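Data block below; observations after.
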Amino acid sequence: MDIWHLLGTLISAIGIMVIFLGKEIITPEGTVVGKVVDMKLDLIKSQIWMIVEDKGHLSMVPSERIASMFR
């Protein structure tokens, strides 16, 4: 694994966490998914997953599926 690619993923994850933590997110289809409560990193595949809560249910959404946020 390339160290620069790994560093880029980590920097992106920190930025996403700062921006989205505690906010409700919306998918490109316009569906409100829930409030971001945590994040999971898969450094081998360079994927960032947002853990969202909606009415007591937790789900994982890839960061690529987030279109916007509100609140």
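Derivation of every value follows stated rules applied to the coordinates shown; laboratory data play no part. As the structure is a computational prediction, the values presented were derived from the model and not from experiment. Cβ placement follows ideal geometry from the backbone for every residue including glycine, while neighbour counts extend to all protein chains displayed.
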How high is the relative contact order of the chain, in percent, counting Cα pairs under 8 Å that sit 6 or more residues apart? 29 percent
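May I ask you to sort ILE16, ILE11 by Cβ crowding, counting other Cβ atoms within 10 Å and putting the fewest first?
Numbers: ILE16 16, ILE11 10.
Least to most surrounded, the residues fall as ILE11, ILE16.
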extent check for segment 3-70: Cα max minus min per principal axis, descending, whole Å, gives 38, 21, 19
Just want the ordering: TRP49, TRP4, from fewest to most Cβ atoms lying within 10 Å of their own Cβ. TRP4, TRP49
Taking neighbour Cβ counts within 10 Å as the exposure measure, how do LYS45, LYS23 sort from fewest upward? LYS45, LYS23
Those GluC sites (Glu not before Pro) from segment 1-64 that are DSSP loop and have at most 11 other Cβ neighbours within 10 Å turn out to be GLU29
